[in-house]
Structures are given as structure tokens and as C-alpha cells.
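What follows draws every value from the coordinates through simple rules; no lab data is involved. Predicted model, so just to flag it, every value in this text is computed and none were measured. So basically every Cβ, Gly included, is an ideal-geometry build from the backbone, and we count neighbours across all protein chains shown.
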Amino acid sequence: MTTPHPADAVAKTGRDMETLFDGFFSSIEAIRQNKAATEHRDVNATIGSISSSLWTPHVETHEDEDCIRIRAHLPNVPSNQIRIDTDTPGRLKIYCECNTQAAYDSGNDRISERQLGQFEKDIPLPSAACISQMTAIYEGPHVVITIPK
């Protein structure tokens, strides 16, 4: 899988923001005109799309003569939200979803933060990779996948 050019990510984010604002303001106009809100795009879906496109955990792949090691840094992602897929020959996919919330006091204010997003990484594997002997270990916040050759 090729890495998208940074300009493509910026352009996609710009289109998503335009869709978000168009949906938001058209929803307000619909309320003013007494139209059903279901006639307009779901703004929450657009927000989810934007947040998932902005969350990109770091994944390292190291290959030597004996095995392939993949280490994914997945902060705030519980192990039960991580899925590793090897159904496609010659490829390994890591999927995860993050939905965390933290709240803390700062002086007279109570601050609440949320991290939401989905992540998918598609990693090509050499033909010598022995998927049937693959191991995956969760060393929070890292997942370490070892695939012998």
C-alpha cells in the first residue's frame, strides 16, 4: 500500500470540512424553514470521518532473515478493540478503534477530552512469511506481531 501524499490528506480534510459546514448550516436553514432534519446529511458522520482521517498511529516494520516484526503504537486503545486480519494472501491488516474520554479539574474549570477514531493499516508480506505461526502480543500501548519465515 502506498503512503498518500500529504497534499492529498490536506485536500480530503478540506473537502470534509466543507461538507461538515454545508451540512451544519443547511440543517439550521431546514429548521428555520420547518423541514425534516432527515433530508440533510448526518453531520456526526462527517465529524467521524474527519476524526478518523486525522488519527494515524505509528507502525514500524522490521524484516530480517528469520522473521518480520511489526510494532504498532496504539495509545488509549484497549486490546479488545484491536483486530489483526490475515485473510488476504500476502497481506496483514491491523484494525482498531479508539473511544476514550478523560476529565480533570484545572482551577475552577472541569476539562473533558475525548479521543475518537478508527485506524486501518495494510502491510504487504513477503511470500516467505509463515502466517500460520504468527504471534501477536499486546504490550500496552504497543502491539508486537512476529511472523516467522
For the range 108-120, just list the computed ³J(HN,Hα) in residue order, Karplus coefficients 6.51, -1.76 and 1.60, θ = phi - 60°, integers in Hz, with x standing in for Gly and Pro. 8, 9, 10, 10, 10, 10, 10, 10, 10, x, 10, 9, 9
Quote to one decimal, in nm, the extra length available between residue 62 and residue 113 on full extension: 0.36 nm per residue of separation minus the C-alpha distance between them. 14.9 nm
Evaluate E = 1/(1 + (r/R0)^6) for residue 7 and residue 76, where r is the Cβ-Cβ distance and R0 equals 30 Å; express this FRET efficiency to the nearest 0.05. 0.55
